[in-house]
Amino acid sequence: MSATITVRPAAPPDYTEIARITRDSYLAAGYFDDAEHPYMRQIQQVSDRAAFAPIWVAERDGVIAGSVTLARAGDKFADIARQDELEFRMLVVDPAVQRGGIGRALVQAIVAHARELDGVSAVSLTTGRDWHQGS
């Protein structure tokens, strides 16, 4: 039996788990040596981020397993979005359940959402030049 994955907007009770998953996934991927790096401390402040950008979560069988932050051009968290793009960044999946379709479900939900937005004709992804998880 396969897991049920649902994607929904994050709510304040989700923020602690989003911070944990973000921290764990960045550390597991080797992007930073510890959670005290200034950028790591910043991205764990989920309530600060949510004040300026939509955050979505993916739940696997009702348990939060991933999250992503969305932005439009001109938004505080937009990095590369052009006027006609929906940008996503900080897409993370709990290392304990990676490779289970959670990232795919988040991306599919983002693309579907972008298709519903007036004036959006593309989706962009912000990532570091060498930020990728090995096989």
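Values in this text are rule-based calculations from the coordinates and carry no lab data. Predicted model, so just to flag it, every value in this text is computed and none were measured. Please note: Cβ atoms are built from the backbone with ideal geometry, for glycine as well, and neighbour counts cover all protein chains shown.
Considering only Asp24, Asp118, Asp61, the mean-square fluctuation computed in a Gaussian network model of the chain, springs between alpha carbons under 10 angstrom, is largest for Asp118. Using the Karplus relation 6.51 cos²θ - 1.76 cosθ + 1.60 with θ = phi - 60°, the per-residue 3J(HN,Hα) values for the stretch 20-33 come to 4, 5, 4, 4, 5, 6, 5, 5, 4, 7, x, 6, 9, 7 Hz, with x marking Gly and Pro. When the chain is treated as a Gaussian network with alpha carbon springs shorter than 10 Å, the biggest mean-square fluctuation among Ala53, Ala65, Ala29 belongs to Ala29. Just so you know, the Cα atoms of the stretch 19-60 work out to an Rg and Dmax of 11.0, 30 Å.
Over the stretch 44-93, all Cα pairs binned in 10 Å intervals from 0 give whole-percent P(r) values of 27, 49, 21, 3, listed from short to long. Post the alpha-carbon centroid distance, the stretch 56-87 to the stretch 1-35, in whole angstrom. Rounded to whole Å, the Cα centres lie 13 Å apart.
Pairs of alpha-carbon atoms within less than 8 angstrom and 6+ residues apart define the contacts here; what relative contact order does the stretch 31-131 have, in percent? That works out to 22 percent. Pick out which of Glu17, Glu36, Glu59 has the largest mean-square fluctuation in a Gaussian network model of the chain, springs linking Cα atoms closer than 10 Å. Top of the fluctuation ranking is Glu36. A helix-only calculation puts the chain at -8500 deg cm²/dmol for mean residue ellipticity at 222 nm, using -39500 (n - 2.57) for each DSSP H run of at least four residues, averaged over all residues.
Toward the positive end of the charge dipole of the chain, with +1 on the Cβ of Lys and Arg and -1 on the Cβ of Asp and Glu, the farthest Cα among Ala81, Pro13, Tyr39 is that of Ala81. Over the Cα atoms of the chain, the radius of gyration divided by the Kirkwood radius equals 0.94; this is the Rg/Rh ratio.
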